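As structure tokens, the structure follows; a few thoughts come after it.
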Amino acid sequence: MPSPTPPALSPLQPYLIRAWHEWMMDNGLTPYIQVRVDSSVLVPHEFVQDGEIVLNISFDATSSLKLGNEFIEFKARFAGTAREITVPVSRVI
């Protein structure tokens, strides 16, 4: 009898990002993510350097932070202007 096909596993990366974020915050550290920017990433492009941006995702630097399985979403201020940020988890490097 053939062995059953194992179920497809969900991606590990969003779970690791959430665990890492919680650990950083619990220990008084500042969590940053580095993002490879393309057309799927909603960030202020004037702060992108060499196709990448580094974002502070601490609770102090963001509002409405959502660390989802597909996207990281939040609001933050850049040079005093409030911006909405959307980063596909797959773009975090």
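When Leu16 is evaluated against the numbered criteria (1) under 18 Å from Ser90 (Cβ atoms); (2) touching a residue at least 24 places away in the same chain (Cβ under 8 Å), which criterion, by number, is the only one it fails?
Unmet for Leu16, out of (1) under 18 Å from Ser90 (Cβ atoms); (2) touching a residue at least 24 places away in the same chain (Cβ under 8 Å): (2).
Which ones in region 19-49 are without any contact (Cβ under 8 Å) to a residue 40 or more places away in the chain, under 18 Å from Ser90 (Cα atoms) and within 14 Å of the chain's Cα centre (by Cα)?
Result: Ala19, Trp20, Pro31, Tyr32.
The numbers here are math on the coordinates, done by the rules we state, and not lab data. Remember, predicted model here, so these are calculated numbers, not experimental data. For neighbour counting, all protein chains shown are included, and Cβ atoms are generated from backbone atoms with ideal geometry for every residue, glycine included.
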